[in-house]
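**Student:** One structure, pasted below without further comment.
Every number here is computed from the coordinates shown, using simple stated rules; none is lab data. Keep in mind the model is a prediction, meaning the values are calculated, not measured. In this analysis, Cβ positions are derived from the backbone assuming ideal geometry, glycine residues included, and neighbour counts consider all displayed protein chains.
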Amino acid sequence: AELAAFGMTGHGRIFAGYHSGAIVADDEVALLHGTEAEDYELYTEALVNVRYALTDAADRGLLARDVAEAVLEAGARLPFTERTREAILAAAA
């Protein structure tokens, strides 16, 4: 998104989040995954996906917004190499 000022055209929610400043950290899109032989199995969660899921749950009334924000903040404190669902929930507890 930082290249938009130089003519880059971005698309999608992730770009929009970075472009608006709602998302600022590069590590929000980082994750660990397996090799081609492992079918690129995901080992960690990208924080942008966690953000989307929590926002969606809060918007649907399935989760209180303050709880969603607390879980997101807990996930953001973890290094991207440790952001599993279990670790994020444990950090938020």
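**Student:** Restricting to the range 2-27, what's the tally of residues that are without any contact (Cβ under 8 Å) to a residue 24 or more places away in the chain and surrounded by 12 or more Cβ atoms within 10 Å (Cβ to Cβ)?
**Tutor:** Final tally of qualifying residues: 6.
**Student:** For the condition more than 10 Å from the chain's Cα centre (by Cα), outside any loop (DSSP other than H, G, I, E, B) and exposed (fewer than 14 other Cβ atoms within 10 Å of the Cβ), what is the one hit in Leu89, Leu62? Step through it out loud before you land on a result.
**Tutor:** Details: Leu62 fails: outside any loop (DSSP other than H, G, I, E, B).
Result: Leu89 is the single residue among Leu89, Leu62 that is more than 10 Å from the chain's Cα centre (by Cα), outside any loop (DSSP other than H, G, I, E, B) and exposed (fewer than 14 other Cβ atoms within 10 Å of the Cβ).
**Student:** Among what's in the range 45-56 and is of a type outside the set (S, T, N, Q) and surrounded by fewer than 17 Cβ atoms within 10 Å (Cβ to Cβ), pick the residue that is nearest to the chain's Cα centre (by Cα).
**Tutor:** Our first condition is that a residue be of a type outside the set (S, T, N, Q); within the range 45-56, this holds for 45-48, 50-54, 56.
Those left that are additionally surrounded by fewer than 17 Cβ atoms within 10 Å (Cβ to Cβ): 52-53, 56.
On the way: Tyr52: 7, Ala53: 9, Asp56: 13 Å.
The residue in question is Tyr52.
**Student:** In the range 11-29, is there at least one residue being in contact with a Ser or Thr (Cβ under 9 Å, 6 or more places away or on another chain), closer than 17 Å to Ala91 by Cα and in a helix (DSSP H, G or I)?
**Tutor:** no
**Student:** Inside the range 30-44, can you point out the residues that are in a loop (DSSP other than H, G, I, E, B) and either among the β-branched types (Val, Ile, Thr) or exposed (fewer than 12 other Cβ atoms within 10 Å of the Cβ) (or both)? If you could, list the steps in order and put the result at the bottom.
**Tutor:** Filtering the range 30-44 down to residues in a loop (DSSP other than H, G, I, E, B) leaves 30-32, 34-35, 39-41, 43-44.
Matches in the range 30-44: Gly34, Thr35, Asp39, Tyr40, Glu41, Thr44.
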